[in-house]
Amino acid sequence: MYPVFSKEGSKIETIRLSKGEEYTPQFGCTVLCFIFSGAIDITSKNIHNKRISKEEILLIPFHTPCQMYAKEDTTILKIKVLQNIFVNEKMPFMHLLEGYGVIKGSLDFGTLTPNQRITDFVYILKNYSENELNCDSLFEAHISVILHMISAFYSKREVTEFFSPIYSSDFEFSIKIYENIDKVKNVKELAKLINYSASGFEKRFKKIYNTSPYEWLMEHKSKKIYHEIITTKKTFSELAYEYDFSSPAHFNNFCLKHFKTTPGQLRKKIQEQVVQISKTKLHFFYVLYDCFPKVYEDFCFLNIC
């Protein structure tokens, strides 16, 4: 097995397995897998040798250990899906729980039969990845569209079963995290807000997210700051005050640690890239409009771009 077109922290990875090869994924988050060619047998705690064939879709929650066995030469596109996208109220499948409820049973992962419209769309994402077009905002827009297409092109039961592995008490806990994350400044405040002791909160958090709440909170904070630097005209002194840094120098050191560059250098770099990124996004919308006009309309209506 050898991954290609992947970098540290990449959202997209193409995995190629030779016939008879075993592969034990090490997923740090929930992933979508699209089988572009070949077939695999996947085994987990509660499911043994489940066959996943060409163009089928596989959802594996990050806390689910599993093993894949290639029945023939196989190509898989692995897409990382951040937990917060599953608690975004704009995503249509969130409303399935209200009218249909969670499918009961031991579902370690979700599967969907092939859908040509989704496969065609995912090929666009695969081509971007293989051409090393690493634009996070573009990938995230694609991922949101794919999830929306899944909710549109399959029955309510199929969609609910597919996402059932992430709908649990852990999922409810995650919703509370994302509902309150921007209301607090530290882990202690977050634990108190959702009625947990500090030790109980940290234990459950590590079980779900496979990291400490402090590290996760810092990562969340860094993403918000990154977004502010590249999308607003706020001064760095304003950002330092807004995000509760003791001084602009402290803010500068935070950026050096998390972004490997100063906020000034980061903003300048993004401004230099903005023309190319705009052209890339424009191409994405042209393709979306030409190939999937209904999805394009929904995409714009949902305001998730």
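Laboratory data are not the source of any read-out in this text; all were calculated from the coordinates shown. These numbers were taken from a predicted model, which means no experiment stands behind them. Neighbour counts are summed over all protein chains in view; Cβ atoms, including those assigned to glycine, are modelled from backbone coordinates with ideal geometry.
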Original post:
Based on the Cβ-Cβ distance of Glu130 and Ser197, what FRET efficiency does E = 1/(1 + (r/R0)^6) give at R0 = 45 Å, to the nearest 0.05?
Top reply: 0.40
Original post:
Length gain on complete extension for the stretch Ser246 to Glu215, per 0.36 nm per residue less the alpha carbon to alpha carbon distance?
Top reply: 9.2 nm
Subject >> Charge sum, other residues only, whose C-beta stays under 10 Å from His258's C-beta, Lys/Arg counted +1 and Asp/Glu -1 >> reply: +3
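So how do Ser164, Ser37 line up by other beta-carbon neighbours within 10 Å, fewest first?
On the way: Ser164 21, Ser37 13.
So the ranking, lowest neighbour count to highest, is Ser37, Ser164.
Which pairs in the list Lys80/Lys224; Lys234/Lys269; Lys11/Lys224; Lys11/Lys192; Lys185/Lys223 are over 21 Å apart, alpha-carbon to alpha-carbon? Spell out each step's value before the answer.
On the way: Lys80/Lys224 19 Å; Lys234/Lys269 16 Å; Lys11/Lys224 18 Å; Lys11/Lys192 33 Å; Lys185/Lys223 15 Å.
Distance filter (> 21 Å) returns Lys11/Lys192.
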**OP:** Can you put His227, His148 in order of Cβ neighbours within 10 angstrom, beginning with the fewest?
**Re:** His227, His148
Original post:
Going out from 0 in 10 Å bins, what whole percent of all Cα-Cα distances in region 176-267 drops into each bin?
Top reply: 15, 44, 28, 12, 0
**OP:** Order by neighbour count: Ser144, Ser155, Ser212, fewest other Cβ atoms within 10 Å first, most last.
**Re:** Ser155, Ser212, Ser144
